[in-house]
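Asker: Below is a structure I'd like to ask you about.
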Amino acid sequence: MRSQHGLTRRRRAPSKRDKGGASRGRRSLALRAGRQRSGTSALKLLTGPDLDEPGRAHGYFRLPISTDASAYGSILIPAVTYRNGDGPRVLVVAGNHGDEYEGQILIRKLIRTLELDDVSGQITLLPAANAPAVQAGRRVSPLDQGNLNRLFPGHPNGTPTQMIAHLLETVLLPGFDFVLDLHSGGRSLEYLPSTVIVRPDDPGQLEAQIELLHVFGLPASFVTDAPTGGGGSLAGACTRAGGIPCLSTELGGGGGVSEQALAMARHGVLRLFRHLGVVRRDLSDQPPAKTSIYYRVPPSQFLYAPEAGIFEAYVKVGDRVEAGQAAGAIHRTDAPWEDATVVKIQHDGILLCRRFPARTECGDCLAVVGRQWPDAMA
Ligand SMILES: [Zn+2]
């Protein structure tokens, strides 16, 4: 598949919807999942909203759990889908991490405002992918400490978070042409509001995805060589599902909501929909900001705390920084008469991300630099 915006899958995975056809559209997703998998390895999806039927539908993907508190309990993952005629199929995800709020709010606003008549193809919205983590306002699930964005492809009979990962990777993703995964820094990190792509090998794909950064139009964007979650991330799942193009964001952090990032990202999503051809008219009246693109250094080059203490940062996200510059100091709490340990920036560039809480343990990430793109590749 090659569309006018140049985004392609490496290969087109067969869609369950392609197999089922419209006449089977009213079968539940649970039935379809069960038919395709057999024996004890099948995902025990109890119910799910029908993604095949034309129109707007909402409901829950319901996965069974059995705990002391609820022997026949279930995890409810809300989803809203709009399907109207021919066009691309776009999945928008938030709540992959439960303590990252801009995307969760953004999708709720979309649910309240998106009109079915404006859709050309399919838009499916998952505002709380790791629903137990969202309910708890935590990065990881309170049920199993599972970090969804590290657990793909999951397991059909695994922990609750492994089951959710398996649901997304095997039941949902194969039907979609594009995935937008909305993240922020969460409680422990503060990010410069940014749009994110993982650098594809193919130069044509890279060019098409760089174009998305301009369309989304946040003032900053960055390219990575790999998602921090590697193959265990949703981006990794997109690769396995046939190379589905995936765009992500980092919209702030610290466990709060950046009103400015939320507003900019909302218009970015609407422009992206138009660019992908999944809506019939311009839904945003705002032009994109000129985006500066950076290359996020790999995790091996993040700045980590060499010891525990109180981190006093000397730099803010968005600051221009230079290699050798002091990023801050760690004040020891166990020996207050000792000098503070100064930690230094390792690259020229911009500060993309900073630890949010002052208290730090040895090994915590304190800062991440984005080098100028594409100079960083030279
Ligand atoms: Zn996240």
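Asker: Among the residues of the stretch 149-207, write down those that are of a type in the set (Gly, Ala, Ser), assigned to a loop (DSSP other than H, G, I, E, B) and within 15 Å of the ligand (Cβ to nearest atom). So that I can check it myself, show each step before the final result.
Answerer: Of all residues in the stretch 149-207, those of a type in the set (Gly, Ala, Ser) come to 154, 158, 165, 175, 184-186, 188, 194, 204.
Still in the list and also assigned to a loop (DSSP other than H, G, I, E, B): 154, 158, 184-186, 188.
Within the stretch 149-207, SER184, GLY185, GLY186, SER188 meet the criteria.
Asker: Just give me the residues in the stretch 128-165 being among the hydrophobic types (A, V, I, L, M, F, W, C) and out of contact with any strand residue (DSSP E or B) (no Cβ under 9 Å at 6 or more places or on another chain), in sequence order.
Answerer: Step one: of the stretch 128-165, the residues among the hydrophobic types (A, V, I, L, M, F, W, C) are 128-129, 131, 133-134, 136, 140, 143, 148, 151-152, 163-165.
Within the stretch 128-165, ALA133, VAL134, ALA136, VAL140, LEU148, LEU151, PHE152, ALA165 qualify.
Asker: Then there is this: Can you pull out every residue in the stretch 122-144 that is in contact with a Ser or Thr (Cβ under 8 Å, 6 or more places away or on another chain) and assigned to a loop (DSSP other than H, G, I, E, B)? First the steps, then the outcome.
Answerer: First pass over the stretch 122-144, keeping only residues in contact with a Ser or Thr (Cβ under 8 Å, 6 or more places away or on another chain): 122-125, 130, 132-133, 139-141, 143-144.
Within the stretch 122-144, ASN130, ARG139, VAL140, SER141, LEU143, ASP144 meet the criteria.
Asker: Another question, if that's okay. Can you tell me which of ILE105, ILE111 is in the same structural domain as THR47 (by TED's automatic domain parsing), at pLDDT 95 or above and either within 16 Å of the ligand (Cβ to nearest atom) or surrounded by 23 or more Cβ atoms within 10 Å (Cβ to Cβ) (or both)?
Answerer: Working: ILE111 fails: either within 16 Å of the ligand (Cβ to nearest atom) or surrounded by 23 or more Cβ atoms within 10 Å (Cβ to Cβ) (or both).
The conditions single out ILE105.
Asker: Can I ask one more? Considering only residues of the stretch 242-291 that are assigned to a helix (DSSP H, G or I) and within 16 Å of the ligand (Cβ to nearest atom), which is farthest from PRO219 (Cα to Cα)? Even if it seems obvious, please write down each step before you answer.
Answerer: So the first thing to find is which residues in the stretch 242-291 are assigned to a helix (DSSP H, G or I), and the list is 259-276.
Applying the additional criterion that residues be within 16 Å of the ligand (Cβ to nearest atom) yields 261-262, 265.
Values: ALA261: 10, LEU262: 13, ALA265: 10 Å.
Per the criteria, the residue is LEU262.
Asker: Another question about this same structure. Can you work out which of the residues in the stretch 209-238 that are in contact with a strand residue (DSSP E or B) (Cβ under 8 Å, 6 or more places away or on another chain) and hydroxyl-bearing (Ser, Thr, Tyr) is nearest to ILE197 (Cα to Cα)?
Answerer: THR224
Asker: Moving to a separate point now. Are any of the residues in the stretch 205-224 surrounded by fewer than 24 Cβ atoms within 10 Å (Cβ to Cβ), over 25 Å from ASP99 (Cβ atoms) and without any contact (Cβ under 8 Å) to a residue 12 or more places away in the chain?
Answerer: yes
Asker: Being at pLDDT 95 or above and in contact with a Gly (Cβ under 9 Å, 6 or more places away or on another chain) is the requirement here; does ALA313 meet it? If you could, list the steps in order and put the result at the bottom.
Answerer: On the way: at pLDDT 95 or above: yes; in contact with a Gly (Cβ under 9 Å, 6 or more places away or on another chain): yes.
So ALA313 fits the description; yes.
The values are calculated or read from the model by the stated rules, or taken from the named source; none is laboratory data. Remember, it's a predicted structure, so these values are computed and weren't measured experimentally. Note that we place each Cβ from the backbone using ideal geometry, even for glycine, and neighbour counts take in every protein chain shown.
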